[in-house]
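Working notes, structure below.
The values are calculated or read from the model by the stated rules, or taken from the named source; none is laboratory data. These figures come from a predicted structure and were not determined experimentally. For the accessible areas, the whole protein counts, side chains as well, though only heavy atoms, and no ligand, DNA or RNA atoms are used. Shrake-Rupley method; radii C 1.70, N 1.55, O 1.52, S 1.80 Å.
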Amino acid sequence: MFGILDTIKLGAGVAAGLLLYHLYAVSIGYPTAAREARAGYVLLAEKTAADARAAEMERQRNAASITTEEHRKRLAAAEAAEQAAKDTLETEIHSYELQLSEKNRACAVSAADRQWLLRH
């Protein structure tokens, strides 16, 4: 049915077809290779984005902890300053009362003085 010449023609046709497909695939890039490269790129892009999100969250957490620590220090300093002011005031009041008692005087506030202070 097929002669030797027909077999050679058929083989040459298959070889030419494969050569044309290869040239086509090389010129546009192998579709499977491109698909695999895109799939790998998508995974890489997703991983990079996830790493960036994690790094940003860590940066924000570190910034929050630093801010919290600074706030705690400022609060402690403010409380210490407030306590020092109260102590100074108490010391001044006690000193003034001591001076008044040494001179046999008192700084008594009467009800009329209290009413006047409340009105003004």
Original post:
Here are several values of Rg/Rh (Cα atoms, Kirkwood Rh): (i) 1.00; (ii) 0.97; (iii) 1.84. Which one was derived from the coordinates shown?
Top reply: (iii)
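At 1.4 Å probe size, with every protein chain present, just tell me what the per residue accessible area of the chain comes to in Å². Provide the component values of the computation, followed by the final result.
Numbers: 10860 Å² over 120 residues.
Computed with neighbouring chains in place, this is 91 Å² per residue.
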Subject >> Kyte-Doolittle mean at least 1.0, axial Cα span of 20 Å or more - DSSP H helices of the chain >> reply: 4-28
